[in-house]
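K.L.:
I'd like to ask you about the structure that follows.
The values are calculated or read from the model by the stated rules, or taken from the named source; none is laboratory data. What you see is a predicted model; the values in this text were computed from it and never measured. All Cβ positions, even for glycine, are placed from backbone atoms using ideal geometry, and neighbour counts span all protein chains on display.
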């Protein structure tokens, strides 16, 4: 329930409450909750593209279209945005130096608007609805304090200072943070921004924490990536660069762009994770997490590389998730332990042969080449493995379990990179 502030000096009390919220570092939502309580009304924080950043939680206002759109879709619809532009609301927010109130056509409830500045530039808007009570004079001061508090919270991410103010940057960040998930809303945003993304998409995450920034800034690297990948879009996000690369053909990224990216990253000691291919920009967040996982696991498994494809590390991702809930050794195929013990006792290399056989997709000729052995020797060793373990190498389920066991062993030997 919303209650009016009953302290002797509303301005001082509001400032104290917001400062206390900021000091706790509980995030933007906590500031919104505190601001809603002080204003006695619900509020919305949105970016310049009218995408939701945070709003008063668990409050349905079905007779207000704008509130309902933010709650349902995480953004205003294209029709509502067009109406705002026609009414010049966006211009008034941009030009206003202090909070102001209005009620435009299509607004069920009167609203108060406040502008959030980041580095002196308009970065977000706070709107409060006169839903529970009418606005009072003191609410303008509270809105100003609230704008300052939101600005201070947003500024905790120093890389936001490097944002170029390009409209698509806000859309990408909102997709990354899960504030926009709906495919239809994403497509509407893309049309409004005239953002062209081709059919086949990859998400790239570049770790820029360790690169030599004496001569090149993070923003320079971001811009260079966009030039290197025609049609790509990149943003500074946290302590990473996130890029969207799109192509008309499914394999174009790997054949055309990946070698150039790898050479560039190696030169500047920047490591990069690459997601699986996807076709809907609304799925960006889950593929960003794939790229982030590849970037986390890749150097741990192969430090010599600078580009890590999620497909190469997906099984290690499974291993990491399993290791969070159990000892990986309990998941090994029991007969593999018997083979390891046999090799250790007799100085044989049957385990190595079986690992190579699985790694070569069960192709005997390729296994012999990988081990520098005669083909007949490989066949003999595989027969011996079947006899010792009492399994058939035609048993796909058993071989899948054994292959997963090898991968879990590899992961376990290197330790948990997140520990």
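K.L.:
For the list (1) assigned by TED's automatic domain parsing to the domain that holds residue 242; (2) surrounded by fewer than 19 Cβ atoms within 10 Å (Cβ to Cβ); (3) in a helix (DSSP H, G or I), I need the number of the one condition that residue 305 fails.
P.N.:
(3)
K.L.:
So how many residues does segment 250-282 have that are outside any loop (DSSP other than H, G, I, E, B) and touching a residue at least 24 places away in the same chain (Cβ under 8 Å)?
P.N.:
Initially, segment 250-282 is screened for residues outside any loop (DSSP other than H, G, I, E, B), giving 252-268, 271-274, 278, 281-282.
Right, trim to touching a residue at least 24 places away in the same chain (Cβ under 8 Å) and you get 252-253, 257-258, 260-262, 264-266, 268, 271-274, 278, 281-282.
The number of residues fulfilling the criteria is 18.
K.L.:
A further question on this structure: Restricting to segment 123-153, give me the number of residues that are within 24 Å of the chain's Cα centre (by Cα) and part of a strand (DSSP E or B). Outline the logic, then answer.
P.N.:
As a first pass, look at segment 123-153 and keep what is within 24 Å of the chain's Cα centre (by Cα): 123-125, 150-153.
Subsequent filtering for residues that are part of a strand (DSSP E or B) retains 123-125.
Total meeting the criteria: 3.
K.L.:
So residue 405 clears everything in (1) in a helix (DSSP H, G or I); (2) without any contact (Cβ under 8 Å) to a residue 40 or more places away in the chain except one condition, right? Which one?
P.N.:
Among (1) in a helix (DSSP H, G or I); (2) without any contact (Cβ under 8 Å) to a residue 40 or more places away in the chain, the lone unmet condition for residue 405 is (2).
K.L.:
In the set 311, 366, which member is at pLDDT 90 or above, in a helix (DSSP H, G or I), out of contact with any helix residue (DSSP H, G or I) (no Cβ under 7 Å at 6 or more places or on another chain) and assigned by TED's automatic domain parsing to the domain that holds residue 259? Quick ask: steps written out before the conclusion?
P.N.:
Working: 366 fails: assigned by TED's automatic domain parsing to the domain that holds residue 259.
Testing whether each residue is at pLDDT 90 or above, in a helix (DSSP H, G or I), out of contact with any helix residue (DSSP H, G or I) (no Cβ under 7 Å at 6 or more places or on another chain) and assigned by TED's automatic domain parsing to the domain that holds residue 259 leaves just 311.
K.L.:
Quick check on segment 233-249. Is at least one of its residues part of a helix (DSSP H, G or I) and exposed (fewer than 13 other Cβ atoms within 10 Å of the Cβ)? Steps first, answer last, please.
P.N.:
At the first step, the residues of segment 233-249 found to be part of a helix (DSSP H, G or I) are none.
No, segment 233-249 has no match at all.
K.L.:
Where in segment 1-73 are the helices (runs of 4 or more DSSP H), entirely inside, with at least 1 residues that are at pLDDT 90 or above and either in contact with a strand residue (DSSP E or B) (Cβ under 7 Å, 6 or more places away or on another chain) or closer than 15 Å to residue 139 by Cβ (or both)? Show your work before the answer.
P.N.:
Details: elements: 10-24, 28-39, 65-73.
Filter on segment 1-73 gives 28-39, 65-73.
K.L.:
Output the residues belonging to segment 320-338 that are over 17 Å from residue 410 (Cβ atoms) and either in contact with a helix residue (DSSP H, G or I) (Cβ under 8 Å, 6 or more places away or on another chain) or outside any helix (DSSP H, G or I) (or both). Show your work before the answer.
P.N.:
Kept after step one, since they are over 17 Å from residue 410 (Cβ atoms), are these residues of segment 320-338: 324-326, 334-335, 338.
324, 325, 326, 335, 338 - these are the residues of segment 320-338 that are over 17 Å from residue 410 (Cβ atoms) and either in contact with a helix residue (DSSP H, G or I) (Cβ under 8 Å, 6 or more places away or on another chain) or outside any helix (DSSP H, G or I) (or both).
K.L.:
Determine which single condition residue 278 fails, assuming it passes every other condition in (1) crowded, with 20+ Cβ neighbours inside 10 Å; (2) within 23 Å of residue 198 (Cβ to Cβ); (3) at pLDDT 90 or above; (4) in contact with a strand residue (DSSP E or B) (Cβ under 6 Å, 6 or more places away or on another chain).
P.N.:
Failed condition: (1).
K.L.:
Still on this structure, I have one more. Specify which of the listed residues (339, 331) is surrounded by fewer than 16 Cβ atoms within 10 Å (Cβ to Cβ) and over 30 Å from residue 258 (Cα atoms).
P.N.:
331
K.L.:
For residue 124, are the conditions met, namely being at pLDDT below 90, within 18 Å of residue 46 (Cβ to Cβ), surrounded by 15 or more Cβ atoms within 10 Å (Cβ to Cβ) and touching a helix residue (DSSP H, G or I) at 6+ places or on another chain (Cβ under 8 Å)?
P.N.:
Values: at pLDDT below 90: yes; within 18 Å of residue 46 (Cβ to Cβ): yes; surrounded by 15 or more Cβ atoms within 10 Å (Cβ to Cβ): yes; touching a helix residue (DSSP H, G or I) at 6+ places or on another chain (Cβ under 8 Å): yes.
Here the answer is yes, as residue 124 does meet what is asked.
K.L.:
Right, something else. Take the residues in segment 339-355 that are in a helix (DSSP H, G or I) and farther than 17 Å from residue 391 by Cβ; name whichever of them is nearest to the chain's Cα centre (by Cα).
P.N.:
The extreme case among them is 352.
K.L.:
Follow-up. Please go through segment 81-91 and pick out each residue that is surrounded by fewer than 17 Cβ atoms within 10 Å (Cβ to Cβ) and part of a helix (DSSP H, G or I). Before the answer, list the steps.
P.N.:
Applying the first criterion (surrounded by fewer than 17 Cβ atoms within 10 Å (Cβ to Cβ)) to segment 81-91 yields 82, 85-88, 90-91.
82, 85, 86, 90, 91 - these are the residues of segment 81-91 that are surrounded by fewer than 17 Cβ atoms within 10 Å (Cβ to Cβ) and part of a helix (DSSP H, G or I).
K.L.:
Just one of 176, 117, 102, 146 is at pLDDT 80 or above and in the same structural domain as residue 243 (by TED's automatic domain parsing); which is it?
P.N.:
Numbers: 117 fails: in the same structural domain as residue 243 (by TED's automatic domain parsing); 102 fails: in the same structural domain as residue 243 (by TED's automatic domain parsing); 146 fails: in the same structural domain as residue 243 (by TED's automatic domain parsing).
Sole residue among the options that is at pLDDT 80 or above and in the same structural domain as residue 243 (by TED's automatic domain parsing): 176.
K.L.:
Right, next: Is it the case, given these coordinates, that residue 194 is farther than 16 Å from residue 295 by Cβ and at pLDDT below 85?
P.N.:
Details: farther than 16 Å from residue 295 by Cβ: yes; at pLDDT below 85: no.
No; evaluated as a whole, the condition is false for this residue.
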